[in-house]
1. Would you mind ranking TYR42, TYR34, TYR289 so that the residue whose beta carbon has the fewest other beta carbons within 10 Å leads the list?
2. Mind sorting THR333, THR36 by how few other Cβ atoms lie within 10 Å of their own Cβ, fewest first?
3. So what's region 25-244 giving for Cα Rg divided by 2.2 N^0.38 Å, two decimals?
4. Give me the angle, in degrees from 0 to 90, between the Cα long axis of helix 361-381 and the longest principal axis of the Cα atoms of the chain, rounded to the nearest 10.
5. Can you give the charge dipole size of region 25-244 about its Cα centre, rounded to the nearest 20 debye, using +1 on the beta carbon of Lys and Arg and -1 on the beta carbon of Asp and Glu?
6. Say each of ARG369 and LYS79 gets a label point 7 Å from the Cα, pointing the same way as Cα to Cβ; how far apart are those two points in nm?
7. Work out how much length GLU142 to LYS163 would gain on full extension: take 0.36 nm times their residue separation and subtract the Cα-Cα distance, in nm to one decimal.
8. At a Förster distance of 25 Å, what's the computed FRET efficiency of ARG301 paired with GLN268, Cβ-Cβ distance as r, to 0.05?
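Here, each number is a calculation from the coordinates, and none is a lab measurement. It should be emphasised that the depicted structure is a prediction, and the values quoted were computed from it without experimental measurement. Please note: Cβ atoms are built from the backbone with ideal geometry, for glycine as well, and neighbour counts cover all protein chains shown.
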Amino acid sequence: MLNRFRNRDKTHGQSDGRIASSPLIHLQQVVKTYPTPTGDFYALKTLDLQVNQGEFVAVIGKSGSGKTTLINMLTGIDKPTAGEIVIGGKPIHHLGEGAVAAWRGLNVGVVFQFFQLLPTLTNVENVMLPMDFCNTFRSNRERQERALHLLDLVEIKEHAFKKPSEISGGQQQRVAIARALANDPPILVADEPTGNLDSKTANAIFDLFGKLVAQGKTIFMVTHDKDLAQRVTRTIILSDGEIIDEYLAAAFPMMDEAHLREATRQLQPQLFKPGEVILHEGEPPEKFYIVSQGAVEVLLREPDGSQIVMARLRPGQYFGEIALLRGGARIATVIADPGHEHTEVLTLDKAAFLKLMDLSPESREETDRVAGERARETEGKRPSVS
Ligand code: ADP
Ligand code: MG
């Protein structure tokens, strides 16, 4: 099972190479079962996950894949059957119901699909509720001041003294986000927050989340919207209670989820220093590679010893397929991009890769096509040796 720190290019432009010392959210071997008449149902199957402060995470997956179950683990709304959930250094799976509610009130803001505002209260009173619950301010006046400031932040202050029923869905979701921010929690968790909004409003809510991430919040958002999911720093794909590696899924967009789950279990991450050789021209092929952090350069050697950069591959792109599929030795050398402090690749051994290609003829055809194109291009560029 993959279990590693991440420092995404997508978030920071160039990776600055820092590896976080300890993740904000740490799930280890988390299992959640629900009892059913036919035996235990595994909603989450031995999940390992680490999220650093400042990450914007989208959780995607089919209905019933375990997204809400996962979210409920992070908020402490539900308890794992086995495993550990440590958030900000606190093992929340050990907390009792009262303690977990108090912890959540200060540490996790929750945003729901259907807003869940209290209809009898005004919007500003709704935002004040978590402060009342956690006793975070001395006076009612201070709470109201803070609530109005938050409503201003989410650009809805002019509706502060209206009831939720008097404003639109998108506006209600803004109020709900202000409420989630009431006690300035480091983490926001949102279960399909835009699921009930039109696409323009969904975009605006999403922009708001982006701003909060820029201010240092860590956001965990379940979404069905593939376009929105493109704009986050990290995507967690859930499938039948398991995580599918997002780079593997990007490399094989046509592959069945069952095969992606199986292959994810077999991926081995490997880290390389800038310029370090990952595979050598002339070697027999042993592995298949997918870039997951940083970048790699594919090099051809000239007779005079200099090198031509054939390609630069980014996260989600693969290499090493040509010799595995077409036989023979490696036709080029691949190195970790000198411009990235850390390059990570995910490897599948030869047997696992070939089995995966057998299981998924569509993916094999596509990968074969890419291999053929790349091989032809390489031949074309190869300096003729007399
Ligand atoms: P998602 O949010 O991805 O649609 P959920 O996390 O809600 O999925 O549910 C994951 C699986 O667990 C589903 O198959 C669902 O039927 C099952 N499940 C969820 N809650 C319960 C429960 N209380 N009892 C039994 N099965 C449940
Ligand atoms: Mg759900």
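1. Fewest to most other Cβ atoms nearby, the residues stand as TYR34, TYR42, TYR289.
2. Fewest-to-most Cβ neighbours within 10 Å comes out as THR36, THR333.
3. In units of the globular-protein estimate, region 25-244 measures up at 1.01.
4. That helix lies at roughly 50 degrees to the long axis.
5. That gives a dipole near 240 debye.
6. It works out to 5.2 nm between the two label points.
7. Between GLU142 and LYS163, full extension yields 5.5 nm more.
8. Computed FRET efficiency for ARG301 and GLN268: 0.35.
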